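This report concerns only the one structure given below.
The values are calculated or read from the model by the stated rules, or taken from the named source; none is laboratory data. Because the structure is a prediction, the values reported are computed rather than measured. Backbone-built Cβ (ideal geometry, glycine too); neighbour counts: all protein chains shown. Surface areas here come from the heavy atoms of the whole protein model, side chains and all, with no ligands, DNA or RNA. Shrake-Rupley method; radii C 1.70, N 1.55, O 1.52, S 1.80 Å.
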Amino acid sequence: MAITPGTANATPTETTPPAVAPSVPEPFVPTRIMPTEHPSEISRLTPIAPQPGKALYRQVLPGIMQVPADLLLAASRKSSLWPMTFGLACCAIEMIATYMAHYDLDRFGIVPWPSPRQSDVMIVAGTVTKKMAPAVKLLYEQMPNPKWVISMGACATNGGPYTRYDRVLQGVDKIVPVDVYVPGCPPRPEALIDSFLALQDQIMEERSSEGRGV
Amino acid sequence: MVTETAPEFETQDLLINVGPQHPSTHGVFRMVLEVDGEVVKELVPHIGYLHRGAEKLCENNDFRQGVGYMDRTEYLAAHNAELSYVMAVEALAELEVPARAQWIRMILCELNRLSSHFMFFGAFGVDVGVFGTPFVYAWRERETLIDLFEEISGDRMMYAYFRAGGLAWEVPANFKERVHEVLKSSRQGVKDFDGLLTENEIFIARTKNVGIISAEDAIEIGMSGSSLRASGVNLDIRKTEPYLFYDQVEFDVPLGENGDVFDRYYVRLQEMEQSMRIIEQCLERLEDGPIMPEKMPRMLRLPEGQEVYIRTEAPRGEYGVYLVSKGGNKPWRLKVRSACLSNLQALRQMSVGQYVADAIIILGSIDIVLSEVDR
Amino acid sequence: MTTDGTTPAGDESEASVAELVDTFENTIWPSIDRVLAGVDVRPERGVLDLIVHVPRADVVRALRMLKQGDELQFNYLRSLTAVDNEADGVDVVYHLYSIPKNINVTVKVTLPADDKVLETATTVWQAANWLERETAEMFGIRFTGHPDPRTLLMPEDMTDVFPLLKSHPFAEIELLQGELLGHERGAGGDE
């Protein structure tokens, strides 16, 4: 069934978007919740909006020594990302394989850390079911800023092979904001390493703009 | 082993919630412990955090597509999971599987038993407290096995290599030499684990006489596999209801004596040695030939009104597939009889009265894989 | 594959053509018939095991008779599940195994689609506890007398959703956050 891009969201009641693309991206406001059938899930499955923050040194000394400070902070953050071990399903096994000696992740400064209070990255590895979704949201909120989310595997990206079952959340980006998506079922350890490198590049790029949770 | 506290030292019972995110729950499993001091008074397990509906989704898919869902149901022993499913489809379609395919299936299933038990040792060692060394050893052995599986089927974990009727494609030309290499390194790995843990005083003190379940209780509650054999019950489906060519190879079934955590560990260690014995015998008997039957229908349509329950001995216990077909090319009902679900029912009985730290290693010794519990 | 004594299909062709009635003589049916003396049972030849159909009111009594006694000793409940036949009702299926005798049998009960109530088998085997909880929440069956009738795999407060019934639909594929793309209904369906 071909889906033509362009006819998406073309319901009669919506207005057409403006012809000129805006220079500053619009802030994300979660207005719609997912279609669920059960009333008990409406409050449990609302998404968390990403919160752009303002670092203390910027508030106190705006503009002074900002570029080298940004560079230093971004470089130190990207070199020591501590992921929270959040393996849910089969992707967890490949995540563990990436931590182990064959495809070492410790050489990038990445140390698995069980506690959310002291970790930087949350690797959602595996299928998130609607029963598990409140726990994922709680853990995301418990992580201190700056934090990032890597959505590992097809199930965390959009439901994966279980996308036709209604007890499965079709993608973890429906409840937490995601930075890097890793395709695969399960993704190879090299793919996970690639995603960490992409995340490091992203951290370096967004050091001067007020990215997520700076 | 657990002494009672003196009456003037009254404490309040504490409710501890372990999971669903916890480093030692082997996945998304949640248990609520009611604890008096350190002694577990009540344990309520909560599962379903990984219920992904493999059974319902298989009703929407062709018979050939079900193999992928079976892989993901038991991801550490995917070949054994696929085997039950393809055997069920073959039983209903009355397909005759050629001998070479059966021998290769046996070899791959036993190799998968090895890799699954290595993962058990790694995770169990972490639970007991030996943080690091068994885990890394386990993964070193698993990587050699997974490299072999990748050469054969193309994937590290989700093989989808067994098909109804035989195998997907022929194994590579150096299959026998590769399996011999892998066996040599696995033998060394088993010896390493044996030397590291089995006679370690602290390990024995932590695991002996902990989490005991008697043979009658285990049968009553429906346990199967190594956990049942550790209680002394001689029930191995490869011996009682042989499938593939298990009645033509010689192997022993190790049994435990007490049904405690140490027995469950030691039974698995001995099972690995027996698996290697089986693989060597299979390699000798492997002959050339086709891997799919000649008259293989393109579209698999099964007869109406038939059902079958196929059970095989997966590393975790009895993995059964109950397949009901009402004609057409999709199953009407596919039920996966999960070994881990039945073994997990015994957790409460084994843990009440033990210490909190023992509850963790009892959970580890049952060797659950949550995606099989929740399907 | 070795079985529990059911004859392969080839032997039946040797019987006379006029004799279309299967007497089940070479199976364990005679012993089952003897043990389940007061119960109205009907056998069926399955692919591997013998299938025994039992009426709804006598299920637990029949299961207990199969478990106790020295002749059959079905002391191991392998699996307990249900099959939704839409208009024909729901079949509850028990797979039993006898460890001392190494024999298998499948017991089937048919419940009408509008009255899915059955007595619990936890008084016979403890293994039925979680298996019945799962079957109950997936098919909407109520097992009377169950010691712990909570949901097992579904969330605790979702007691009115039964996923494995054929009337429960598959989910639509959600492509954007919370929105369906503008394609026709049923397009994300088969295949």
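For chain B, a Gaussian network of Cα nodes joined below 10 Å ranks B:V352, B:V32, B:V182 by mean-square fluctuation, and the top entry is B:V32. Using heavy atoms of the protein chains and a probe of 1.4 Å, the accessible area assigned to C:T123 is about 90 Å².
One Cα centroid belongs to segment A:104-176, the other to segment C:72-141; the line between them spans 37 Å. Only protein heavy atoms count here; under a 1.4 Å probe, A:D201 has an accessible surface of about 90 Å². What is segment B:253-350 by shape, rounded, prolate or oblate, if you read a ≥ b ≥ c off the alpha carbon gyration tensor as root eigenvalues and call it rounded for a/c under 1.5, prolate for a/b larger than b/c, and oblate otherwise? Oblate, because a/c is 1.5 or more while a/b does not exceed b/c.
Among the lysines, which have Cα under 25 Å from the Cα of B:K41 when same-chain residues fewer than 8 positions away are ignored? The qualifying lysines are B:K208.
Taking the Cβ-Cβ separation of B:D194 and B:K295 as r and a Förster radius of 51 Å, what is the calculated FRET efficiency to the nearest 0.05? Efficiency, rounded to the nearest 0.05: 0.60.
Filter the cross-link list B:K335/C:K108; B:K56/B:K326; A:K130/B:K326; B:K56/B:K295; B:K176/B:K295; A:K78/A:K131 down to pairs whose alpha-carbon distance in this structure exceeds 24 Å. The pairs that break the limit, which is 24 Å between Cα atoms, are A:K130/B:K326; B:K56/B:K295; B:K176/B:K295; A:K78/A:K131.
Once B binds A, the 1.4 Å probe can no longer reach about 2800 Å² of accessible area, counting both sides. The accessible area of C:R45, taken with all protein chains in place and a 1.4 Å probe, comes to roughly 60 Å². Candidate cross-link partners of A:K147 among the aspartates and glutamates, defined by an alpha-carbon separation under 12 Å and a same-chain spacing of 8 or more, comprise A:D120, A:D179.
Across segment B:181-198, computed HN-Hα scalar couplings (Karplus, 6.51 cos²θ - 1.76 cosθ + 1.60, θ = phi - 60°) run 4, 5, 5, 5, 6, 5, 4, 5, x, 5, 5, 4, 5, 4, x, 6, 10, 4 Hz from first to last residue, x flagging Gly and Pro.
Modelled spin-label separation between B:L15 and B:K326, with each label point placed 7 Å from Cα along the Cα-to-Cβ direction: 4.4 nm. In order along segment B:294-302, phi translates into HN-Hα couplings of 5, 9, 8, x, 5, 10, 7, 10, 9 Hz, rounded to whole numbers, per the Karplus curve 6.51 cos²θ - 1.76 cosθ + 1.60 with θ = phi - 60° and x for Gly and Pro.
In order along segment B:239-255, phi translates into HN-Hα couplings of 9, 7, 10, x, 10, 6, 10, 5, 7, 9, 10, 9, 7, 9, 10, x, 10 Hz, rounded to whole numbers, per the Karplus curve 6.51 cos²θ - 1.76 cosθ + 1.60 with θ = phi - 60° and x for Gly and Pro.
When you filter the chymotrypsin sites (Phe, Trp or Tyr not before Pro) in segment B:1-105 for DSSP loop state and at most 16 other Cβ atoms inside 10 Å of their Cβ, you are left with B:F9.
Inter-label distance, C:E156 to C:H168: 2.0 nm, where each label sits 7 Å from its Cα along the C-beta direction. With no solvent and one point on each alpha carbon, what is the Debye value of log10 I(q)/I(0) for segment B:39-143 at q = 0.14, 0.20, 0.21, 0.24 Å⁻¹? The computed values of log10 I(q)/I(0) come out as -0.77, -1.09, -1.12, -1.22. Under the combined filter of DSSP loop state and at most 15 neighbouring Cβ atoms within 10 Å, segment B:192-240 retains these GluC sites (Glu not before Pro): B:E199. For segment B:55-78, accessible area lost to neighbouring protein chains reaches 30 Å² or more, against the chain alone with a 1.4 Å probe, at B:K56, B:L57, B:E59, B:N60, B:Y69, B:R72, B:Y75. Between the amide H of B:K326 and those of B:G305, B:W332, distances stay under 5 Å, these residues lying 5 or more places away or on another chain, with hydrogens modeled in the peptide plane. Spin-label model, A:S115/B:A99: points 7 Å from Cα along the beta carbon direction are separated by 6.3 nm. Relative to the dominant Cα principal axis of chain B, helix B:78-93 is inclined by about 50°. Peptide C:159-169 shows a mean partner chain C-beta count of 3 within 10 Å per residue C-beta. Its DSSP H runs of at least 4 residues, each contributing -39,500 (n - 2.57), put the calculated 222 nm mean residue ellipticity of the protein assembly as shown at -10000 deg cm²/dmol, to the nearest 500. Inter-chain Cβ neighbour count for B:215-227, averaged per residue, equals 3 (cutoff 10 Å, partner chain atoms only).
Relative to its Kirkwood radius, the Cα radius of gyration of segment B:161-236 gives an Rg/Rh of 1.16.
Neighbours of C:Y94 by Cβ distance under 9 Å: Lys/Arg scored +1, Asp/Glu scored -1, total +2. DSSP loop GluC sites (Glu not before Pro) in segment B:90-135 with at most 12 other Cβ atoms within 10 Å of their Cβ, which ones? Passing sites in segment B:90-135 are B:E94, B:E96. Ordered by solvent-accessible area of protein heavy atoms (1.4 Å probe), largest first, the residues C:R61, A:R107 come out as A:R107, C:R61. Electrostatic bookkeeping for B:F124 treats Lys and Arg as +1 and Asp and Glu as -1; over the other residues with beta carbon under 15 Å from its beta carbon, the sum is -3. Per residue, the accessible area of segment B:267-312 comes to 52 Å², computed with a 1.4 Å probe over protein heavy atoms only.
With both bridge residues required to lie in the protein assembly as shown, what share of the DSSP beta bridges run antiparallel, to the nearest 5%? Of the beta bridges lying entirely in the protein assembly as shown, close to 75 percent run antiparallel. Treating r as the C-beta distance of C:S31 and B:F131 and R0 as 51 Å, the FRET efficiency rounds to 0.40.
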